[in-house]
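We did not get these values from a lab; they are worked out from the coordinates using the rules stated. Note that this is a predicted model, so its numbers are computed, not measured. Cβ atoms come from the backbone with ideal geometry, glycine included; neighbour counts cover every protein chain shown.
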Amino acid sequence: MGNFTFNETTIKGVYIIDVKVYGDNRGYFMETYKESDFKAAGLNYNFVQDNQSSSRKGVLRGLHFQKKHPQAKLVRVMKGEVFDVAVDLRKNSPTYGQWVGVVLSEENKRQFMIPRGFAHGFLVLSDYAEFTYKCDDVYHPEDEGGIIWNDPTIGIEWPEAGEIILSEKDKIQPLLADIKIEF
């Protein structure tokens with residue numbers, strides 16, 4: 001597909017996307033999104049909002065989802081390195097409750113495509129990271145849900161990053177078994 005290689009993970013609909021980078025002594029250029037290439041790969045999304053965050057080493061953001069307004073996300077790292085995770089929350093999915101993770105960095109320039117019906121989170125592995133993502137629905141703060149990052153039934157194998165730094169809300173998120181959603 002032109003400048004992208006779409007690699008579906010062990011969870012249907014979740015893709016690791018490698019991007020063709022053109023570089024020389026001046027620096028580099030790359031396309032980060034091209035609608036026609038994504039649609040040719042079967043990824044038909046209408047992105048309506050872009051977000052960016054910065055975090056220091058050990059910050060873990062997640063696991064978050066929108067309850068009534070689920071969002072598909074195309075995520076990538078502009079600076080630094082993170083371990084990014086998607087957890088399948090689709091009740092009728094054969095991979096319900098399973099997770100897939102990938103290291104995203106400014107060096108590998110990989111992207112992670114997470115469809116609707118997933119919880120999402122990431123852990124910063126570098127001293128500092130800038131993280132950006134496209135969403136196919138706008139954010140509704142009153143609609144946010146979450147799952148505790150270390151839920152033993154999910155069993156995410158987070159890499160070592162020193163002390164884990166969580167927001168106050170992420171410290172008290174419920175277990176997967178205690179959430180009531182239908183995707």
- lysines with Cα under 18 Å of Lys39, excluding same-chain neighbours fewer than 8 positions away: Lys12, Lys20, Lys73, Lys134
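Around Gly80, what is the net charge, scoring Lys/Arg as +1 and Asp/Glu as -1 over all other residues with Cβ under 14 Å from its Cβ?
Details: positive: Arg56, Lys57, Arg61, Arg76, Lys79, Lys109, Arg110; negative: Glu81, Asp84, Glu106, Glu107, Asp127, Glu130.
In short, +1.
Need the full-extension length gain, Glu168 to Thr32, defined as separation in residues times 0.36 nm minus the C-alpha distance. One decimal, nm. Walk me through the numbers before you get to the answer.
Details: separation 136, 0.36 × 136 = 48.96 nm, distance 3.28 nm.
Gain on stretching Glu168 to Thr32: 45.7 nm.
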- Message: Starting from the 7 Å offset along Cα-to-Cβ, what nm value, one decimal, do you get for the label separation of His69 and Trp158?
- Response: 2.8 nm
- Per-residue HN-Hα couplings for segment 168-175 [Karplus 6.51, -1.76, 1.60; θ = phi - 60°; Hz; x = Gly/Pro]: 4, 5, 6, 6, 10, 5, x, 6
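With Cβ to Cβ distances under 10 Å as the rule, what net charge do the other residues near Lys57 carry (K, R +1; D, E -1)?
Details: positive: Arg56; negative: Glu81, Asp127, Glu163.
Charge balance near Lys57 sits at -2.
What is the sum of charges around Phe6, taking Lys and Arg as +1, Asp and Glu as -1, for the other residues whose C-beta is under 10 Å from the C-beta of Phe6?
Result for the neighbourhood of Phe6: -3.
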- Task: Could you work out which residue, out of Gly155, Gly97, Gly27, moves most in a Gaussian network model of the chain, that is, has the largest mean-square fluctuation with Cα springs under 10 Å?
- Result: Gly27
- Taking H as built 1.01 Å from N, whose amide H comes closer than 5 Å to the amide H of Gly13, not counting residues under 5 places away? none
- Query: Of Ala129, His140, Gln98, whose Cα points farthest to the positive end of the dipole of segment 93-154 (charges on the beta-carbon: +1 Lys, Arg; -1 Asp, Glu; origin at the Cα centre)?
  - Reply: Gln98
- Note on the structure: segment 150-183 scanned against label point 7 Å out from His140 along Cα→C-beta; backbone N under 15 Å for 181-183
